[in-house]
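Below is one structure; the comments refer to it alone.
The values are calculated or read from the model by the stated rules, or taken from the named source; none is laboratory data. None of these values were measured; they are calculated from a predicted model. Cβ sites come from the backbone with ideal geometry, for glycine too, and all protein chains shown count toward neighbours.
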Amino acid sequence: MGRRRDPPELQAAKAYPGKRRSKTDRQIADAESLALLLAAAPAESDDTLAPPALLNDGRLLPALTIWREYAPRLAKLNLFAPLDRHSFAIFCVYYADFVAAQADINKNGFSRLVKTVSGDRMPRNNPAVDRRDTAVKFILEFSKRFGLTPLDRLDLIGKQAGGLGGGLFDQPGAPKQPSKDAPQAEDGIVGLANRFDSPPPGTYQ
């Protein structure tokens with residue numbers, strides 16, 4: 001008499017010994033793994049602006065480096081809040097992908113010689129070119145949302161300074177009526193720039 005087969009529940013508990021998991025089971029396992037990455041954030045500390053756990057993957061070290069460089073600066077400008085963490089992580093991943101693709105192009109060129117069926121060699125576009133161009137599109141789109149270009153930064157800061165419905169991203173809005181003791185602010189772009197303690201575009205702290 002052959003060995004009696006375990007019920008499905010017990011097989012699942014044993015991680016399906018001697019049997020490959022079904023496609024559905026693999027998808028569920030992958031989804032649970034991704035959910036844990038999201039639930040584990042912030043991963044580095046109790047800081048609400050710490051990067052999501054998904055950036056702690058060693059393969060995403062360039063993206064994590066970009067996060068650590070830009071997130072604190074955006075937070076100082078009130079252009080970054082806890083709710084923005086995952087969308088900004090997407091920006092960091094695409095930025096790192098752009099850097100990697102450009103490095104590939106620098107090393108291998110815009111095209112490569114590949115061998116044809118006849119034995120000849122002909123140039124083919126380097127796949128890194130399309131990869132880089134795709135990353136650029138997403139980088140520029142997310143740059144608008146986070147004020148990462150001079151024009152977009154002025155637009156976001158201007159809305160914040162005007163107190164339109166409160167501050168951006170759950171930050172306190174600017175007062176609509178200045179206090180009597182407050183110094184008279186300059187009008188125009190100069191006055192707007194003076195109200196925020198931030199470095200000029202293109203400079204580093």
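Quick notes
- Of SER111, SER118, SER22, all but one fail to be at pLDDT below 80 and out of contact with any Cys (no Cβ under 6 Å at 6 or more places or on another chain); the exception is SER22.
- Of everything listed in (1) at pLDDT 90 or above; (2) within 11 Å of the chain's Cα centre (by Cα), the single unmet condition for GLN102 is (2).
- Residues of the range 132-151 that are in a helix (DSSP H, G or I) and farther than 19 Å from ALA89 by Cβ: ARG132, ASP133, PRO150, LEU151.
- Within the range 109-154, tally of residues that are acidic (Asp, Glu) and over 21 Å from the mean Cα position of the chain (by Cα): 1
- Of all residues in the range 113-151, exactly one satisfies the criterion of being more than 30 Å from ARG85 (Cβ to Cβ), of a type in the set (Val, Ile, Thr) and surrounded by 14 or more Cβ atoms within 10 Å (Cβ to Cβ), namely VAL129.
- Taking the conditions (1) surrounded by fewer than 19 Cβ atoms within 10 Å (Cβ to Cβ); (2) at pLDDT 90 or above in turn, SER33 satisfies each one other than (2).
- Test result for VAL190, more than 30 Å from THR48 (Cα to Cα), assigned to a helix (DSSP H, G or I) and at pLDDT below 90: yes
- When the range 95-112 is filtered for residues that are crowded, with 19+ Cβ neighbours inside 10 Å and either assigned to a loop (DSSP other than H, G, I, E, B) or of a type in the set (Ser, Thr, Tyr) (or both), only TYR95 remains.
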